[in-house]
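In what follows, a single structure is set out as structure tokens and then discussed.
Any read-out appearing in this document is the output of simple, stated calculations on the displayed coordinates, not a laboratory observation. Here the structure is a predicted model, which is why all the values come from computation and not from measurement. Glycine gets a Cβ as well: all are built from the backbone with ideal geometry, and neighbour counts include every protein chain shown.
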Amino acid sequence: MIPNPMLPDVNVPDVIQNIPLLHYLVLSTLLFVIGIIGVLTRRNAIVIFMSVELMLNAANLLLIAFSSYRSDPAGQVFVFFIMAVAAAEVAVGLAIIVMIYRNTRNTDVGFLNKLKW
Amino acid sequence: MSPSLLVLIPLLPLIGFLVNGLGFTRIPKSLVGIIGTLAVLGSFVLSLLTFNAFLASGSQPLIVPLFDWITVGSLNIPFSFQVDQLSLLMLLIITGVGSLIHIYSIGYMHHDPGFGKFFAYLNLFLFFMLLLVLGSNYVVMFIGWEGVGLCSYLLIGFWNKNTNYNNAARKAFIMNRVGDLGFLLGIFTIITTFGSVEYLEVFSKASEFSIGDPVIIAITAFLFIGAMGKSAQIPLYTWLPDAMAGPTPVSALIHAATMVTAGIYMVIRSNVLYSLAPSTLEIVGIIGAATALFAASIGLLQNDIKKVLAYSTVSQLGYMFMGLGAMAYSASMFHVITHAFFKALLFLGAGSVIHAMSDEQDIRSMGGLRKKLPVTFITFFIATWAISGLPPFSGFFSKDEILAHVFEHNKLLWVIGVFGSVMTSFYMFRLLFLTFFGTFRGTHEQEHHLHESPASMTIPLIILAVLSAVGGAIGVPEALHGSHHLAEFMSPLYDAARQVNPAAFLPTTLSHSEEYLLMGISVAAAAISAIVAYVMYVQKASVPAPDSEEKSALQNLIYNKYYVDELYDNVFVKPTKTLSNAFYSFGEFFVDLFVNGAARLIRFLASLLRKTQTGSTGDYVFAMVLGIVVILFWKLLL
């Protein structure tokens, strides 16, 4: 059993400890940054949407990782909630994109620039 | 008498107003008149039932509480009705004369495009008037007081395409506001003095005050200012003659029979307070007498048929206040009743004449209408006879009773009163002779068009003529071997006043022979001036000169109503206008400077900030990410 420097009092199973917590942190940070860059650089609404989902799941991953390393199920419950809400959000978001497509015949967000001075 | 039935009395006209007012574009014309008239007739029938029930239950005053209205601290103002002798008499006059005038209006207003609007306003007026007389406290009376003022305004300016008419309406409204301010101050003083506005409570507490107490004098004086405005007394009378701009039935109902008597009603209602303030009553009497004489003298030379009647109304109201000044409350009420009959009749008769003359109102263009309009002529004649105070018609009894009381009280006022009645008789007979006698002086077209009015107009005339003729029977003086039913009926109203000021209610000291003498003098004076009018306008057939002709200075003075309107215009209206213009330009400059300056500053800042709104989604997302990063760093690192 490898001592956990961050959580000295909690016993974490070996199976989990095979991959250190730091890896999860790095992975989810990478996912999140990819998501941000995607949102900032892409113009296709669907890709932006996917990037947003990526960011959302990066956060989910982080929550689960901490939850496991602390042996605290609250984080996992939280993730389930986020997934349910995300599903609803996807339904609404995709519906909006479909409507945008019907009106402008493409999904380029650059076309939606009517709300400026 | 169940309370719910009593509530219906004012409610029926309100329902009529709502139905006609909301739906007059959809309801057919024939139905509008029927709805409006039925609403009032219903009220009249209910008033009669209430009257009978009141007599049957032994003439006990009845308070009908409807709901608690205002409760502030220790002051509680309920919304309740009071049924007693005074409110019942007013109810009967208002709904009775009101019904007749509604029926008349169906014929008179038939060709008017605003037929439905007219009936809606008339019904609304009746609602407020009934509220005024039914309320059991000064605040409910005040609602009615303001409401009738509003309806008066709406109906004077009924033909609102004419600017002069609108100005007349505004004049009436503003002058009434001056009086209303006095009335309000009176109510406030009552609240601070007695802690209540309920009549019964105020009057029972007032009996603890001594005669001539300054507080009571202040209250009565304030209330009287209100009465001056509403009942067109000097100095607030000039709106009433101008109010003739409204349709003639309105003049008959509002500006002769009912609304303008609200001031008299209010004084009689507050008789306890007034009996405690003899000095206020002195003022009331003097103002009444002055108005009676002043208005009558203006009436002498007017040539507009409705203007003559308007000044006559002002003058008759003056008589009523003169009677109040002599604490002859019942006599004044008697005159209110008979005046409602004969003055409504005169106005409706004048309306019938105007209707026949194709909207001509100048008596110089009339003449000889007797044969073409027989019913109108006979009824008008009866009314003229009555208002002149000639026996045996109603005006004789009521006016002589007032004059007898005034004689007892103050001989000088009596002389003024008799002098006024000489003038009344002269201008009324002048009007009658110029309109109905001699030869026709109008255009050929008008002569061709002359016709008697339809039955819906003549029947109210006939009913009112009968009432004007026999109405005096309710108050035949003892000297003429009659019994004064009205005075007996109203006597319980003064019980409280009798206790606080017994000296004022002593039985008359005039002997029968003195009374005969007084009657003889006033009748003879009225008869002589009627004869003078006959000689001038029938035998010599003289016609008042056209406006273009030169007149003597005195004639000019009277013809132009003593230039009172011009005086008010110069003293009050023009300075006010100048002042408000000055304030207006001040506001234009400084206020606009600030307001516009603030607006320009904001617009400038906005023009800088709105550059951030690029419209590109990417920029917004970038701003959002940037914002999140900043917040994170701020929260985590700082």
If the label point sits 7 Å along Cα→Cβ of B:Val72, residues of segment B:171-190 with amide N under 20 Å come out as B:180-190
Most packed first (mean Cβ within 10 Å per residue), the peptides B:393-403, B:552-562 order as B:393-403, B:552-562
Computed on Cα atoms, the radius of gyration and Dmax of segment B:432-485 in angstrom are 18.5, 54
Checking rank on B:411-421, B:91-101, with mean other Cβ inside 10 Å and highest first, the result is B:91-101, B:411-421
tail above 25 Å in the computed P(r) of segment B:486-638, as % of all Cα-Cα pairs, reads 77 percent
Projected onto their principal axes, the Cα atoms of segment B:466-539 stretch, largest extent first, over whole-Å spans of 56, 29, 23
Highest mean packing first, using Cβ neighbours within 10 angstrom, the peptides B:346-357, B:172-183 sort as B:346-357, B:172-183
Taking chain A and counting helices only, DSSP H stretches of n ≥ 4 at -39,500 (n - 2.57) each over all residues, the nearest-500 ellipticity at 222 nm comes to -24000 deg cm²/dmol
Taking Rh as the Kirkwood radius computed over alpha-carbon pairs of segment B:1-77 and applying Stokes-Einstein at 10 °C with viscosity 1.306 mPa s, one gets a diffusion coefficient in µm² s⁻¹ of 108 µm²/s
Cα-Cα pairs in segment B:74-113 separated by more than 13 Å, as a whole percent of all pairs, come to 68 percent
B:Leu181 neighbourhood, Cβ < 15 Å, K/R = +1, D/E = -1, net charge 0
Square roots of five times the C-alpha gyration tensor eigenvalues of segment A:15-117, ordered largest first and given in whole Å, equal 34, 16, 9
Projected onto their principal axes, the Cα atoms of segment B:339-460 stretch, largest extent first, over whole-Å spans of 54, 28, 20
Correct semi-axes for segment B:275-320, from √(5λ) of the alpha-carbon gyration tensor and rounded to whole Å with the largest first, are 27, 9, 5
Per the protein assembly as shown, sqrt(5λ) over the Cα gyration tensor eigenvalues, sorted largest first, in Å, gives 80, 33, 26
Relative to chain B, whose Cα atoms define the longest principal axis, helix B:138-156 and its Cα axis are tilted in degrees, nearest 10, by 90 degrees
P(r) of segment B:397-556 over all Cα-Cα pairs, 5 Å bins starting at 0, rounded to whole percent, reads 2, 7, 10, 13, 15, 14, 12, 9, 7, 6, 4, 1, 0, 0
Sorted largest first, the C-alpha extents of segment B:394-492 along its principal axes in whole angstrom are 56, 32, 22
Low-density loop GluC sites (Glu not before Pro), segment B:439-486, at most 11 other Cβ within 10 Å, DSSP non-H/G/I/E/B, are none
Quick numbers on segment B:571-615, Rg and Dmax over C-alpha atoms in Å, give 19.0, 64
Taking chain B, the whole-percent share of alpha-carbon pairs separated by over 50 angstrom is 18 percent
For chain B, longest principal axis from Cα atoms; helix B:278-299 axis from its Cα atoms; angle between them, nearest 10 degrees, is 80 degrees
Per the helix-only model, chain B has a calculated mean residue ellipticity at 222 nm (DSSP H runs of ≥4, -39500 (n - 2.57) each, divided over all residues, rounded to the nearest 500) of -22500 deg cm²/dmol
Partner lysines whose C-alpha sits under 21 Å from that of B:Lys574, ignoring same-chain residues fewer than 8 away, are B:Lys171, B:Lys561
With Rg from the Cα atoms and Rh as the Kirkwood inverse mean 1/r over Cα pairs, segment B:280-385 has an Rg/Rh of 1.06
Longest principal axis of chain B (C-alpha) makes with the long axis of helix B:617-637 (C-alpha) an angle, in degrees to the nearest 10, of 70 degrees
For B:Leu637 and A:Thr104, extending 7 Å from Cα along the Cα-Cβ vector and measuring point to point gives, in nm, a value of 3.5 nm
Mean other chain Cβ within 10 Å across B:608-617 is 4
If the label point sits 7 Å along Cα→Cβ of B:Ser358, residues of segment B:434-460 with amide N under 19 Å come out as B:440-454
